[in-house]
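Here's the structure we're looking at; comments come further down.
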2 protein chains.
Amino acid sequence: MPRREPRRRSVPLAKVYGLLEPGPVVLLSTAQRGRPNVMTMSWHTMIEFEPPLVGCVISDRNFSYAALKSTRQCVINIPSVEIADAVVRCGNTSGRDVDKFATIGLTPLPASQVQPPLIAECFAHLECRVADTRMVNRYGLFVLEVVTAWIDPARKDPRTLHHRGWGSFMVAGATIRLPSRMR
Amino acid sequence: MPRREPRRRSVPLAKVYGLLEPGPVVLLSTAQRGRPNVMTMSWHTMIEFEPPLVGCVISDRNFSYAALKSTRQCVINIPSVEIADAVVRCGNTSGRDVDKFATIGLTPLPASQVQPPLIAECFAHLECRVADTRMVNRYGLFVLEVVTAWIDPARKDPRTLHHRGWGSFMVAGATIRLPSRMR
């Protein structure tokens with residue numbers, strides 16, 4: 001695994017919510033017994049600003065479910081439209097059958113505080129630890145605490161993907177400014 | 001309150017997730033003691049396809065929190081960029097102080113199965129009952145069941161708003177088709 005490229009910049013934890021709140025499709029990386037895996041996920045929400053807590057819903061039919069439940073670590077990687085093909089291939093295949101990093105051509109980079117890798121082709125990375133599993137059995141809902149976050153400062157206006165279902169994705173449009181006082 | 005306009009069309013419950021999964025800002029309407037209120041919300045996720053379950057996180061500092069907790073009913077209304085000004089005004093004011101429907105100029109329409117009103121200016125409406133409050137005290141996380149859903153079929157490509165924080169909003173861009181087998 002290559003070293004993390006120096007162009008990744010740390011994101012203050014208080015600003016993490018701004019990356020997830022718009023609702024992008026993310027790539028969740030896990031690692032179990034030294035083997036990394038990645039899944040495509042859209043069912044997530046912020047739960048708390050700081051420390052940032054994220055709720056994410058993962059079916060027990062997903063191969064990543066057991067890895068997340070037992071290792072209690074993951075990385076939420078945020079892809080942009082340039083790698084839409086890889087995002088779809090992550091969603092169409094299972095880590096039970098293939099090494100997705102190798103077959104899809106994603107590049108794992110070492111994280112700083114957790115075992116699962118960052119995905120080099122994504123523009124943002126949230127290193128997470130599982131903070132609460134009480135809703136896992138009933139809903140597949142994991143509460144994650146983001147412990148470290150990174151962005152690629154060279155990516156000025158990454159266009160995220162937003163899943164509508166069955167092959168339909170909205171691509172993030174323009175960002176506008178409004179006189180809102182909402183954090 | 002006027003009758004619901006006939007142009008609203010029912011959405012099959014199995015298709016509700018496609019409205020929320022992209023992560024739009026929504027307007028949550030509640031009603032307590034006959035008085036409707038509305039808040040702007042972005043912290044929500046799908047939890048189950050069918051019956052559709054939605055997790056939404058509402059701070060106990062929001063006036064809507066007590067109404068939702070006690071009445072266990074709400075409507076998730078989805079606005080598009082044309083009413084961004086109203087969305088921001090809903091977020092900048094509190095139902096403690098003002099009647100938001102009157103001051104902001106939103107039109108309440110009767111829902112079919114719950115007391116809180118639909119908001120006529122929005123293009124989609126999910127009538128919800130609270131299904132689980134066990135995560136409310138700790139996280140402000142309500143599990144809602146969507147019992148009926150409506151869209152305005154005249155709105156062909158509504159551009160939703162996606163909150164980045166502090167006055168910054170992403171406006172939904174184009175929808176693309178990809179060879180995804182993900183539901």
A from B by rotation - nearest chain B beta carbon to the axis, in Å:
B:Gly23, 1
Please give the calculated 222 nm ellipticity per residue for chain A, where each DSSP H segment of at least 4 residues contributes -39500 (n - 2.57) and the sum is spread over every residue; nearest 500 deg cm²/dmol?
-4000 deg cm²/dmol
At 0.36 nm per residue, and after removing the present C-alpha to C-alpha distance, how many nm does the segment from B:Thr103 to B:Arg35 gain when stretched out fully?
23.1 nm
Calculated over the stretch B:48-94: convex hull of Cα atoms, volume per residue (Å³)
101
For B:Ala120, what residues show an amide H to amide H distance below 5 Å, using hydrogens built from the backbone and excluding near sequence neighbours?
B:Thr107, B:Leu109
Approximate spin-label separation A:Gln113-B:Arg7, in nm, with each point projected 7 Å along Cα-to-Cβ:
5.0
Rounded to a whole number, what is D in µm²/s for the stretch A:83-124 from Stokes-Einstein with the Kirkwood radius over alpha-carbon pairs (25 °C, 0.890 mPa s)?
222
Can you tell me what percent of all Cα-Cα pairs in the stretch A:1-79 are more than 16 Å apart?
57
What does the net charge come to around A:Cys122 if you take all other residues with beta carbon closer than 11 Å to its beta carbon, with K and R at +1 and D and E at -1?
-1
Got the B:Ala174 label distances to the other copies yet, label 7 Å along Cα→Cβ, in nm, shortest first?
1.6
Distances from A:Asp157 to the same residue in each other copy, label points 7 Å out along Cα→Cβ, in nm, shortest first?
1.8
Here the equivalent ellipsoid of the protein assembly as shown, derived from its Cα gyration tensor, has semi-axes (largest first, whole Å) of 34, 20, 20
Report the label-to-label distance for A:Val171 and A:Ala154 in nanometres (one decimal), using points 7 Å from each Cα along the Cα→Cβ vector.
2.1
Can you give the mean number of other chain Cβ atoms that lie within 10 Å of the Cβ atoms in peptide A:131-142?
3
Just want the answer: with Cβ charges of +1 for Lys and Arg and -1 for Asp and Glu, which residue in B:Ile176, A:Thr40, B:Gly34 is farthest toward the dipole's positive end in the protein assembly as shown?
B:Gly34
Given +1 on the Cβ of Lys and Arg, -1 on the Cβ of Asp and Glu, and no further charges, what dipole in debye does the stretch B:38-183 carry about its Cα centre, rounded to the nearest 20?
380
Using a 7 Å offset from Cα along the direction of the beta-carbon, what are the separations from B:Pro12 to the same position in each other copy, nm, ascending?
4.8
Using the Karplus equation 6.51 cos²θ - 1.76 cosθ + 1.60 (θ = phi - 60°), what ³J(HN,Hα) coupling, rounded to whole Hz, does each residue of the stretch B:156-170 give in order, writing x for Gly and Pro?
7, 9, x, 8, 7, 9, 9, 7, 9, x, 6, x, 9, 10, 8
Under a point-charge model restricted to the Cβ atoms of Lys and Arg (+1) and Asp and Glu (-1), what is the dipole moment magnitude of the protein assembly as shown relative to its Cα centre, in debye to the nearest 20?
120
On average, how many beta carbons from a partner chain sit within 10 Å of the beta carbon of a residue in B:78-90?
2
Taking R0 as 30 Å and r as the Cβ-Cβ distance between B:Ala120 and B:Arg61, the FRET efficiency 1/(1 + (r/R0)^6), rounded to the nearest 0.05, comes to 0.60
Averaged over residues of B:40-46, the number of beta carbons from other chains lying within 10 Å of each residue's Cβ is 6
Positive end of the dipole of the stretch B:61-148, charges at C-beta (+1 Lys, Arg; -1 Asp, Glu), about the Cα centre: which of B:Val130, B:Pro108, B:Ala120 has its Cα farthest in that direction?
B:Val130
Please work out the C-alpha center-to-center distance from the stretch A:15-54 to the stretch A:133-183 and express it in whole Å.
8
P(r) tail fraction, the stretch B:43-166 - alpha-carbon pairs more than 19 Å apart, %
51
What do you get for trypsin sites (Lys or Arg not before Pro) in the stretch A:11-108 restricted to DSSP loop and a cutoff of at most 10 other Cβ within 10 Å of the site's Cβ?
A:Arg33, A:Arg61, A:Arg96
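Readers should treat all values here as calculations from the given coordinates under stated rules, not as data from a laboratory. In this text the structure is predicted, and so the values were computed from the model without any measurement. Cβ sites come from the backbone with ideal geometry, for glycine too, and all protein chains shown count toward neighbours.
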